[in-house]
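Novice: Let me give you the structure first, and then I'll get to my questions.
The values are calculated or read from the model by the stated rules, or taken from the named source; none is laboratory data. Please read these numbers as outputs of a predicted model, since none were measured by experiment. No Cβ is skipped: glycine too gets one built from the backbone with ideal geometry, and neighbour counts run over all protein chains shown. Each accessible area value is taken on the protein alone, full model and side chains, heavy atoms only, with ligands, DNA and RNA left out. Shrake-Rupley method; radii C 1.70, N 1.55, O 1.52, S 1.80 Å.
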Amino acid sequence: MAKFVTIGERIHCISPAIRAAFDNKQPEAILKRAKEQLDAGATYLDVNIGPAENNGPELMKWAVELIQGNFDNVPLALDTANKAAIEAGISVYNRSKGKPIVNSADAGDRMSNIDLAAANDAIVIALCSNGPIAADNDERMMHCQNMLEHGMELGMEATDLWFDPLFVVVKGMQDKQMEVLEAIKMFSDMGLNSTGGLSNNSNGMPKNIRPIMDSAMVAMAMMQGLTSAIVNPCDQRLMETIKSCDVLKGNTLYADSYLDL
Amino acid sequence: MPFNRKAHKFSASIGTVEIGTGDKAIKLGGENVMPFYTFDGSMGDGPKVGVEITDLGLDAEPQGVKDYYAGCTSFADIAKKAEAMPGGDFVVLRLAGGDPNGANKSTEELVAIAKEVSDAISCPLVVEGSKNVEKDAELLPKVAQALEGKNVLLMSAKEENYKAIGAAAALAYNQKVGAESAVDINLAKQLNVVMTQLGVSAQSIVMNTGSAAAGYGFDYTISTFDRVRAAALGQDDKMLQMPIITPVASETWSVKESTAEESDAPEFWGPVEERGIAMEVETAVACLVSASDAVILKHPKSVATISEFIKSLM
């Protein structure tokens, strides 16, 4: 089994510093967060430029070249609702460390992002939803099947669609947690890759609680077969849990210093 | 249905470590396939063969080895003859006499021998210590210092003495260092981690993950090789992508199959020297087809045979 893939989520335009950096094309804040996340062990970095309706393509190109140029062609997830921006980003993307990830498609309005990934030999995050959160796993798996078939018709490898069950918040949807975990097991049993915004589960919880809940969630999800997650890699407890689960699953070979690697 | 050949390709590869200087320098490692799967990818420059000599002279050596070195009166003579052995790529000086429980030669005496050997040859040199961790922690840094500029491989740094040997060999004197673990894959990885944390670059480390004569717990040696390579190539584990060197002669020539005189052995065993060569060759072949990027041998017939074996599979 391959090592769990962490996608660092901290280059996100919801952060005022990152938003300002994108608005003014100021590299410092972006490079700082990229470095922090890579030092903490992230594999991929997510680059969320927001809707970027005016200058999306130009902005995404700038961001891709900036981050890959400074960090040895680190692989990236291109995260925006602006399709032209994703395509522009891929046009300057260096694949030597991994394919680009299109973040994201769903089984509704954003289905065409699968076409975009297929046309550009990219990985795509496929949200098992057509808008609202799926009512149950029958619905989740129907969306999964539809997107899988669509991708394969377009010539994609099944493993290039990373299915996202959509993690849901415990405070309000506690009764749905096991269902999400069961969906991951179903993806895994089909030999599919999976990912998701894992920390959704701890939304609204006190700051000191979130790393604990996220760590428990990632451990249970990895047991179910989750192959990747979009996370804050600077959360040390979470990263230690992921590395430990990778050892227990045989994804990496144990050495006493495994947490340093 | 027609047969479709599928290459067993990996996106990872074993690192390359260069030892020696000038035209005769060699590169260990560099492969990105299972051993000798040249039809699937690259084997780098291919496995190499080392010719072992020791500071203890020739008295205890098998007849064929004595005959080969006949007429040599100094370590320099022996070293030159070892370098000239057909099929050998590098010379290995094993400082077995340094063992405090054996001949207990002084560090000064052993360093002088290492210098004499090094000065006599132009091919790459590997210097093995006495196997005593305290003695080697003192001896190998001195050897590293004396042979500065020769780009030698010093064996071995172990869990107990890697700081002294790694710091001196690789950091202070820019030599290469062997990381030795005894059929313990987790320790093999850990040693590489702590050596790199010490500042030794991955391109300066060669692993000895353990060795044994065929039939003497050898299956553990092989399963360790298998697991090291599975992690290095299959999981792209950077901390296990160092090339592997395996001392063979020092293991195989001491077991009873190689030493029992004909009069003491079962009738069908045959001449003692033939058995010794067979043990050395069989063990080396099994190591090479499992992972080893270099094997250390001593009998001229074994060296010629293994060298031919490698050439015919490359």
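Novice: All but one of (1) surrounded by fewer than 24 Cβ atoms within 10 Å (Cβ to Cβ); (2) more than 14 Å from every other protein chain (Cβ to nearest Cβ) hold for residue B:152; state the number of the condition that does not hold.
Specialist: (1)
Novice: Continuing with the same structure: Give the residue that is farthest from the chain's Cα centre (by Cα), with candidates limited to residues of the range A:244-254 that are at the interface with another protein chain (Cβ under 10 Å from one of its Cβ atoms) and hydroxyl-bearing (Ser, Thr, Tyr).
Specialist: Across the range A:244-254, the extreme among qualifying residues is A:254.
Novice: Hey, does the range A:244-261 have a residue that's surrounded by 22 or more Cβ atoms within 10 Å (Cβ to Cβ), without any contact (Cβ under 8 Å) to a residue 60 or more places away in the chain, out of contact with any Pro (no Cβ under 9 Å at 6 or more places or on another chain) and in a helix (DSSP H, G or I)?
Specialist: no
Novice: Among B:238, B:189, which is the only one that is surrounded by 24 or more Cβ atoms within 10 Å (Cβ to Cβ), more than 25 Å from residue B:135 (Cβ to Cβ) and within 13 Å of chain A (Cβ to nearest Cβ)?
Specialist: Result of the check over B:238, B:189: B:189.
Novice: Which of the residues that make up the range A:148-179 are assigned to a helix (DSSP H, G or I) and in contact with a helix residue (DSSP H, G or I) (Cβ under 8 Å, 6 or more places away or on another chain)?
Specialist: If the condition is that a residue be assigned to a helix (DSSP H, G or I) and in contact with a helix residue (DSSP H, G or I) (Cβ under 8 Å, 6 or more places away or on another chain), then A:148, A:150, A:151, A:152, A:158, A:160, A:170, A:177, A:179 are the ones that fit.
Novice: Scan the range A:1-30 for residues that are farther than 19 Å from residue A:52 by Cβ and either more than 14 Å from chain B (Cβ to nearest Cβ) or among the β-branched types (Val, Ile, Thr) (or both) and jot them down.
Specialist: Hits for the range A:1-30 are A:5, A:6, A:7, A:8, A:28.
Novice: Tally the residues that are under 19 Å from the mean Cα position of the chain (by Cα) and of a type in the set (Gly, Ala, Ser), restricting the search to the range B:161-215.
Specialist: Residues flagged as under 19 Å from the mean Cα position of the chain (by Cα) and of a type in the set (Gly, Ala, Ser) within the range B:161-215 amount to 15.
Novice: While we're here: Within the bounds of the range A:234-243, is there any residue that is within 14 Å of chain B (Cβ to nearest Cβ) and within 28 Å of residue B:197 (Cβ to Cβ)?
Specialist: Among the residues of the range A:234-243, at least one is within 14 Å of chain B (Cβ to nearest Cβ) and within 28 Å of residue B:197 (Cβ to Cβ), which makes the answer yes.
Novice: Does the range B:266-282 hold any residues that are surrounded by 19 or more Cβ atoms within 10 Å (Cβ to Cβ) and charged (D, E, K, R), and which are they?
Specialist: Correct list: B:275, B:280.
Novice: Something else now. Go through the range B:249-265 and count every residue that is over 23 Å from residue B:308 (Cα atoms) and open to solvent by less than 60 Å² (accessible area, probe 1.4 Å).
Specialist: Number satisfying all stated conditions: 4.
Novice: Further, regarding this structure: On the given criteria, is residue A:204 modelled with pLDDT of 95 or more, closer than 22 Å to residue A:106 by Cβ and in a loop (DSSP other than H, G, I, E, B)?
Specialist: For residue A:204, the condition - modelled with pLDDT of 95 or more, closer than 22 Å to residue A:106 by Cβ and in a loop (DSSP other than H, G, I, E, B) - is not met.
Novice: Could you name every one of the helices (runs of 4 or more DSSP H) located completely within the range B:73-188 that has at least 3 residues being under 23 Å from residue B:240 (Cβ atoms)?
Specialist: Qualifying helices (runs of 4 or more DSSP H): B:162-166.
Novice: Still on this structure, I have one more. Looking only at the range B:285-296, decide whether some residue is touching a Pro at 6+ places or on another chain (Cβ under 6 Å), in contact (Cβ under 8 Å) with a residue 24 or more places away in the chain, open to solvent by 50 Å² or more (accessible area, probe 1.4 Å) and farther than 26 Å from residue B:63 by Cβ.
Specialist: Checked the range B:285-296: at least one residue is touching a Pro at 6+ places or on another chain (Cβ under 6 Å), in contact (Cβ under 8 Å) with a residue 24 or more places away in the chain, open to solvent by 50 Å² or more (accessible area, probe 1.4 Å) and farther than 26 Å from residue B:63 by Cβ.
Novice: Looking at the range B:163-186 only, could you name the residues that are within 14 Å of chain A (Cβ to nearest Cβ) and surrounded by fewer than 24 Cβ atoms within 10 Å (Cβ to Cβ)?
Specialist: Scanning the range B:163-186 gives B:181, B:184, B:185, B:186.
Novice: Any idea which residue in the range A:124-137 is nearest to residue A:177 (Cα to Cα), counting only those that are open to solvent by less than 10 Å² (accessible area, probe 1.4 Å) and free of Cβ contacts under 8 Å to residues at least 60 places away in the same chain?
Specialist: A:134
Per-residue answers, yes or no, for (1) open to solvent by 10 Å² or more (accessible area, probe 1.4 Å); (2) closer than 24 Å to residue B:85 by Cα:
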position: B:106; (1), (2): yes, no
position: B:115; (1), (2): yes, yes
position: B:119; (1), (2): yes, yes
position: B:122; (1), (2): yes, yes
position: B:137; (1), (2): yes, no
position: B:147; (1), (2): no, yes
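Novice: Give the residues of the range B:44-98 that are aromatic (Phe, Trp, Tyr) and under 19 Å from residue B:152 (Cα atoms), sorted by residue number.
Specialist: If the condition is that a residue be aromatic (Phe, Trp, Tyr) and under 19 Å from residue B:152 (Cα atoms), then B:75, B:90 are the ones that fit.
Residue-wise test of (1) in contact with a helix residue (DSSP H, G or I) (Cβ under 9 Å, 6 or more places away or on another chain); (2) more than 21 Å from residue B:206 (Cα to Cα); (3) open to solvent by less than 50 Å² (accessible area, probe 1.4 Å).
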position	(1), (2), (3)
B:29	no, no, yes
B:55	yes, yes, yes
B:58	yes, yes, yes
B:63	yes, yes, no
B:82	yes, yes, yes
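Novice: So which residues in the range B:197-235 are of a type in the set (Ser, Thr, Tyr), crowded, with 21+ Cβ neighbours inside 10 Å and within 14 Å of chain A (Cβ to nearest Cβ), if there are any at all?
Specialist: Scanning the range B:197-235 gives B:209, B:224.
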